[in-house]
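The values are calculated or read from the model by the stated rules, or taken from the named source; none is laboratory data. All values reported here derive from a predicted model rather than from experimental measurement. Cβ coordinates were reconstructed from backbone atoms using ideal geometry, including for glycine residues, and neighbour counts include every protein chain displayed. Note: areas computed on protein heavy atoms with side chains; ligands, DNA, RNA excluded. Shrake-Rupley method; radii C 1.70, N 1.55, O 1.52, S 1.80 Å.
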Amino acid sequence: MKLVVMIPAYNEEQTIGAVIREIPRDACEKVEVVVIDDGSTDNTYGEALKAGADKIVKFKRNRGLAPAFRAGLETALSMGADIIVNTDADGQYDGMEIPKLIKPILDRNADVVLGSRTKGTIEDMPLDKKAGNYIATLITRELSGCYISDAQTGFRAFTRDMALKLNVLSEYTYVQETLMQIASQGAVIVEVPINFRKRVGGRSRLIGNIYGYAKRAGATILRTYRDYQPLKTFLFIGGCFLLAGLITGANVLVYFFNTGIITGKLPTAVLTVLLLIIGFQSVVMGILADMLKSHKKVQDEILYRIKKLEYDE
Ligand SMILES: Nc1nc2c(ncn2[C@@H]2O[C@H](COP(=O)(O)OP(=O)(O)O)[C@@H](O)[C@H]2O)c(=O)[nH]1
Ligand SMILES: [Mg+2]
């Protein structure tokens with residue numbers, strides 16, 4: 001069994017060394033560490049090298065956490081990982097908890113293990129971030145149907161097969177998108193309680209302000225939901241327009257039956273027609289999008305098989 005620990009990092013020279021040194025190299029028969037240096041302008045690369053990273057993928061410019069995560073998965077797969085653990089470069093997750101994190105996979109009880117901060121302990125987190133995490137977890141839970149307690153955790157373990165099946169499309173954060181993909185595959189997710197430490201190396205690299213995060217992560221969540229549940233998405237949109245059209249239409253009809261004329265309600269009648277047309281079109285779009293979903297399923301399967309051929313060599 002080979003474990004590859006991947007660490008996406010952006011300007012984390014203060015902490016990356018300690019994070020790498022903390023990883024227990026006896027957690028599995030073979031343990032290797034890969035760092036994805038996402039165009040850091042500080043000495044993250046040098047510190048990672050000094051601390052004994054087995055591989056460092058260096059982006060020439062900052063491309064974002066999700067592309068770095070994608071590159072990390074691919075690199076870990078090409079290194080022959082049987083299990084892949086993702087952890088953060090800021091030292092907020094405790095490397096000593098990796099054995100606990102991978103145990104359900106070693107016991108063959110899980111495809112994915114999430115280190116849950118809410119089930120464990122959080123040493124320090126501002127209230128707005130706590131609230132944001134709570135809301136984003138609630139939304140991810142409802143939309144994915146998988147009842148997890150912490151959708152934003154970056155401390156995760158994946159089986160090789162699960163990693164082969166993930167196709168991260170986002171350019172910002174991978175956390176909710178991957179969970180929705182995992183849930184749609186019917187994979188087994190297990191949570192273990194973990195300790196979330198205080199950030200020591202300056203401010204959050206990912207979340208400048210919570211509203212910006214909500215906007216970008218929210219867009220990713222909605223886009224992913226649309227891709228996996230297109231019929232429901234468009235039926236909902238179409239349904240809203242059709243309902244509004246029925247209400248305004250009823251208004252026009254009642255007026256017509258009472259007065260025998262329609263001219264007094266002409267604008268409402270025009271609005272009704274518009275709403276009904278848009279609603280009907282959305283429903284048709286839903287049917288078309290549902291056909292695209294079937295194509296996506298086949299394409300995902302093809303990609304999985306190609307990756308398997310490519311990485312299992
Ligand atoms: N590759 C990459 N990693 C990032 C970026 N922003 C943040 N990270 C890393 O993602 C992890 C989590 O980011 P962090 O700023 O600690 O987020 P927070 O704990 O949610 O506030 C850390 O390891 C960061 O170095 C980025 O733009 N690119
Ligand atoms: Mg952090």
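Ignoring any ligand, DNA or RNA, what whole percent of the accessible area of the chain comes from carbon and sulfur when the probe is 1.4 angstrom?
Ligands and nucleic acids excluded, carbon and sulfur give 61 percent.
For segment 2-228, what does the accessible surface come to per residue with a 1.4 Å probe? Please give it in Å².
In whole numbers, segment 2-228 has 43 Å² accessible per residue.
Once you mark the trypsin sites (Lys or Arg not before Pro) that are in a DSSP loop and have at most 10 other Cβ atoms within 10 Å, what is the longest gap between them in the chain?
Result for the longest clean stretch: 204-313.
Which of the lysines could a cross-linker span from K55 if the Cα-Cα distance has to be under 20 Å and same-chain partners fewer than 8 positions apart are dropped?
K2, K30
If every alpha-carbon in segment 155-264 counts as one equal scatterer, what log10 I(q)/I(0) does Debye give at q = 0.14, 0.20, 0.21 1/Å?
Debye output, listed in q order: -0.79, -1.18, -1.22.
Based solely on C-alpha atoms, express the radius of gyration and the Dmax of segment 1-143 in angstrom.
So, for segment 1-143, Rg and Dmax equal 15.5, 44 Å respectively.
Regarding segment 230-311, what are the three Cα extents along the principal axes, ordered largest first, in Å?
74, 14, 12
In the chain, which whole DSSP H runs stretch at least 18 Å along their own axis (Cα) and average 1.0 or higher on the Kyte-Doolittle scale? All intermediate terms of the calculation are to be shown ahead of the outcome.
Numbers: long enough: 65-78 (20 Å, 0.71); 127-144 (25 Å, -0.15); 210-228 (26 Å, -0.53); 230-259 (43 Å, 1.43); 266-311 (65 Å, 0.69).
Helix filter hits for the chain: 230-259.
Top mean-square fluctuation among L77, L101, L266, Gaussian network model of the chain, C-alpha springs under 10 Å?
L266
List, largest first, the extents of the alpha carbons of segment 97-151 along their principal axes, each in whole Å.
37, 29, 11
In terms of the Cα gyration tensor, with a ≥ b ≥ c the square roots of its eigenvalues, is segment 95-196 rounded because a/c is under 1.5, prolate because a/b exceeds b/c, or oblate?
Taking the square roots of the gyration eigenvalues as a ≥ b ≥ c, segment 95-196 is oblate.
Under a Cβ-only charge scheme (Lys and Arg +1, Asp and Glu -1), can you give me the dipole magnitude of segment 2-228 about the Cα centre, in debye to the nearest 20? Can you show the working numbers first?
Working: 31 positive and 29 negative charges, 83 e Å.
Dipole magnitude for segment 2-228 comes out near 400 debye.
Please list E22, E301 from largest to smallest accessible area, probe radius 1.4 Å, with all protein chains kept in place. All intermediate terms of the calculation are to be shown ahead of the outcome.
Working: E22 50, E301 80 Å².
Reading off the accessible areas and sorting them downward yields E301, E22.
What residue among F155, G260, L73 has its Cα farthest toward the positive end of the dipole of the chain, where the charges are +1 on Lys, Arg and -1 on Asp, Glu, each on the Cβ?
Result: G260, furthest along the dipole toward the positive end.
Assign unit charges at the C-beta atoms only (+1 for Lys and Arg, -1 for Asp and Glu), then state the dipole size of segment 230-311 relative to its Cα centre in Debye, rounded to the nearest 20.
220
Computed over the Cα atoms of the chain, what is the ratio Rg over Rh, Rh following Kirkwood?
1.11
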